[in-house]
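Q: Here it is, the structure, as structure tokens.
What follows draws every value from the coordinates through simple rules; no lab data is involved. These numbers were taken from a predicted model, which means no experiment stands behind them. Neighbour counts run over all protein chains shown; Cβ positions are idealised from the backbone, glycine included.
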């Protein structure tokens, strides 16, 4: 199993990031157990702001 905390720390350190990296996946269907995002946002980059959970959009 991938240790995503370690991956995030390595990316943050090696790239000199001031914020945590965000993962994005393009899938045919949402992963099992992931709720569809029900709100609206003006652009895709706004979806992750302030969120700490996985979400799915269409």
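Q: If I take R0 = 25 Å and measure r between the Cβ atoms of residue 2 and residue 37 in this structure, what FRET efficiency does the formula 1/(1 + (r/R0)^6) give, to the nearest 0.05?
A: E between residue 2 and residue 37, to the nearest 0.05, is 0.55.
Q: Moving on to the next point. How big, on average over all directions, is the shadow cast by the Cα convex hull of region 1-43, in nm²?
A: Computed as one quarter of the Cα hull surface, the answer is 5.0 nm².
Q: If you stretched the chain out fully between residue 26 and residue 9, how much longer would it get, using 0.36 nm times the residue separation minus the C-alpha to C-alpha distance?
A: Gain on extension, residue 26 to residue 9, equals 3.8 nm.
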